[in-house]
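Participant: I have a structure I would like to understand better, so I am pasting it below and will then ask my questions one at a time.
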Amino acid sequence: MSFPRERPRRLRGSPGLRDLVRQTRLGVDDLIYPLFVVPGEGVCEEIATLPGQHHRSVDRLAEEVGAARSEGIRAVLLFGLPERKDPVGSEASDPEGAVQRAVRELKERFPDLVVITDVCLCEYTSHGHCGILDGERVDNDATLGRLAQVAISHAGAGADLVAPSDMMDGRVGAIRAALDQAGLDGTGILSYAVKYASVFYDPFREAARSAPAFGDRRGYQMDPGNLREALREVRLDLEEGADMVMVKPGLAYLDVLAAVRRVAEVPLVAYNVSGEYAMVRAAAERGWLREREAVLEILTGMRRAGADLILTYHARQAARWLGGA
Ligand code: PBG
């Protein structure tokens, strides 16, 4: 009989003891801050579905990144919106596009900042799908060349990592080959390897103005019931040359994070997506939930499940609460 000899409560007796024996630690170094860049000048508009997050033009981005830097945040991930959309998302690979200009600006202003870019077409296509259409179907192989062009334009602007989020088969290999051929072998790939077709992206689609004009994304994003398939996606992306992999969303997929952690030898990122952020903000606004405690518990849970890094809209709040400055 272990009790009364074993008393787990002994190690919970004081804040000092609890801090000392805590297994999973959350630090500001673990956070990546997502940002939305838009064309134009002087733009800084709050996103209705993501209170506290903004659409920013390139000239208004550095002030936000500077503030985040001073709070200890070392990495950002950029999403771009175009001036004009068309069926092939032409502006996504424009060297003068908002994202490409933002990368150059941030790298110049903050040389030690890690700049990651989202590579996808959905924000840039008139139909809102993540690839090139053949009728109403997203044509996988026809999309790969476009994604490679987008990745080259981001890497050429100076991105440290490009992060394809489209879920086409073979895109990591196609992007790797194209980057290498362009002499950009030093640019890494953070693959959204495991991305489920999730309702928790709803607030993002407003933020990125990327809701599909017809149908949904279930023909390319993963079915929420599947775990084995996550391991297959990770294996394929690593074979194709991914340097880091992501699981997305985070909260409803902590078992997937844990499973991927067991097989992947590369850094693993969890995406604490827009819907997860919006739920906490909304409940906190009503006074139904204490925001600080909720956010830190959720982020700790993702770390405990196996994430090395967390991409989160809560990054600046969390950095302040963690006292990383
Ligand atoms: C684009 C993309 C999406 C998100 C990241 N990249 C939306 C989608 O797939 O519909 C979602 C991010 C979030 O919800 O915070 N493919």
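Participant: Among the numbered conditions (1) touching a residue at least 12 places away in the same chain (Cβ under 8 Å); (2) over 24 Å from Ile175 (Cβ atoms), tell me where Val260 comes up short.
Facilitator: (2)
Participant: Report, by residue number, each residue of the stretch 59-83 that is under 19 Å from Glu45 (Cα atoms) and charged (D, E, K, R).
Facilitator: Asp59, Arg60, Glu63, Glu64, Glu83
Participant: Looking at (1) on the phi < 0 side of the Ramachandran plot; (2) part of a loop (DSSP other than H, G, I, E, B), which is the only condition Asp118 fails?
Facilitator: (2) is the only condition that Asp118 fails.
Participant: Write out, first by first residue and then by second, each pair whose Cβ atoms fall under 8 Å of each other, whose residues are 6+ apart or on separate chains, and whose first residue, in the stretch 270-294, is more than 12 Å from Pro203 (Cβ to Cβ) and modelled with pLDDT of 95 or more while the second is polar (S, T, N, Q) and in a helix (DSSP H, G or I).
Facilitator: Listed by first residue and then by second, the contacts come to Glu291/Gln317; Arg292/Gln317.
Participant: Out of all the residues in the stretch 82-94, which are over 22 Å from the mean Cα position of the chain (by Cα), over 18 Å from Pro212 (Cβ atoms) and open to solvent by less than 80 Å² (accessible area, probe 1.4 Å)?
Facilitator: Ser90 - this is the single residue of the stretch 82-94 that is over 22 Å from the mean Cα position of the chain (by Cα), over 18 Å from Pro212 (Cβ atoms) and open to solvent by less than 80 Å² (accessible area, probe 1.4 Å).
Participant: Could we say that Gly97 is buried (at least 22 other Cβ atoms within 10 Å of the Cβ), away from the ligand (no atom under 15 Å from the Cβ) and without any contact (Cβ under 8 Å) to a residue 60 or more places away in the chain here?
Facilitator: Yes.
Participant: Next question, about the same structure. When you go through Val76, Val58 one by one, which is the residue that is open to solvent by less than 20 Å² (accessible area, probe 1.4 Å), touching a residue at least 40 places away in the same chain (Cβ under 8 Å) and in contact with a Lys or Arg (Cβ under 6 Å, 6 or more places away or on another chain)?
Facilitator: Val58
Participant: Now for a different question. Output the residues belonging to the stretch 270-325 that are surrounded by 20 or more Cβ atoms within 10 Å (Cβ to Cβ) and among the aromatic types (Phe, Trp, Tyr).
Facilitator: Across the stretch 270-325, the qualifying residues are Tyr271, Tyr277, Tyr313.
Participant: Within the stretch 13-84, considering only strands (runs of 3 or more DSSP E) that don't extend past its boundaries, which have at least 3 residues that are within 16 Å of the ligand (Cβ to nearest atom)?
Facilitator: Here the list reads 31-38, 50-57, 75-80.
Participant: Same structure again: Which members of the stretch 185-209 meet the condition of being surrounded by fewer than 17 Cβ atoms within 10 Å (Cβ to Cβ) and away from the ligand (no atom under 15 Å from the Cβ)?
Facilitator: Within the stretch 185-209, Asp185, Gly186 qualify.
Participant: Let me ask you something else. Name the helices (runs of 4 or more DSSP H) wholly inside the stretch 163-240 in which the number of residues that are under 21 Å from Asn272 (Cα atoms) and modelled with pLDDT under 95 is 3 or more.
Facilitator: 202-207
Participant: Let me ask you something else. Among the residues of the stretch 283-292, which ones are out of contact with any Phe, Trp or Tyr (no Cβ under 6 Å at 6 or more places or on another chain) and under 14 Å from Tyr313 (Cα atoms)?
Facilitator: Glu291
Participant: Just the residues that are within 24 Å of Ser191 (Cβ to Cβ), away from the ligand (no atom under 16 Å from the Cβ) and either of a type in the set (Ser, Thr, Tyr) or part of a loop (DSSP other than H, G, I, E, B) (or both), please, taken from the stretch 266-325.
Facilitator: If the condition is that a residue be within 24 Å of Ser191 (Cβ to Cβ), away from the ligand (no atom under 16 Å from the Cβ) and either of a type in the set (Ser, Thr, Tyr) or part of a loop (DSSP other than H, G, I, E, B) (or both), then Val266, Pro267, Gly306, Asp308 are the ones that fit.
Participant: Which condition breaks for Gly13 when tested against (1) under 23 Å from Ser274 (Cβ atoms); (2) loosely packed, with under 12 Cβ neighbours inside 10 Å; (3) not hydroxyl-bearing (Ser, Thr, Tyr)?
Facilitator: (1)
Participant: Being surrounded by fewer than 24 Cβ atoms within 10 Å (Cβ to Cβ) and closer than 11 Å to Gly158 by Cβ is the filter; apply it to the stretch 102-113 and report the residue that is farthest from the chain's Cα centre (by Cα).
Facilitator: Across the stretch 102-113, the extreme among qualifying residues is Glu108.
Participant: So which residues in the stretch 16-32 are aliphatic (A, V, I, L, M), touching a residue at least 40 places away in the same chain (Cβ under 8 Å) and either open to solvent by 90 Å² or more (accessible area, probe 1.4 Å) or closer than 19 Å to Glu293 by Cα (or both), if there are any at all?
Facilitator: Leu26, Val28, Leu31 - these are the residues of the stretch 16-32 that are aliphatic (A, V, I, L, M), touching a residue at least 40 places away in the same chain (Cβ under 8 Å) and either open to solvent by 90 Å² or more (accessible area, probe 1.4 Å) or closer than 19 Å to Glu293 by Cα (or both).
Participant: Give me the residue from the stretch 222-238 that is under 23 Å from Thr117 (Cβ atoms) and out of contact with any Asp or Glu (no Cβ under 9 Å at 6 or more places or on another chain) and, out of that set, farthest from the ligand (Cβ to nearest atom).
Facilitator: Ranking the qualifying residues of the stretch 222-238, first place goes to Val234.
Participant: What are the residues in the stretch 114-133 that are polar (S, T, N, Q) and surrounded by fewer than 24 Cβ atoms within 10 Å (Cβ to Cβ), if any?
Facilitator: If the condition is that a residue be polar (S, T, N, Q) and surrounded by fewer than 24 Cβ atoms within 10 Å (Cβ to Cβ), then Ser126 is the only one that fits.
The values are calculated or read from the model by the stated rules, or taken from the named source; none is laboratory data. Source: prediction; values computed, not measured. Glycine also receives a Cβ, built like all others from the backbone with ideal geometry; neighbour counts cover every protein chain displayed. Side chains are part of the model used for accessible areas, which takes the heavy atoms of the whole protein and leaves out ligands, DNA and RNA. Shrake-Rupley method; radii C 1.70, N 1.55, O 1.52, S 1.80 Å.
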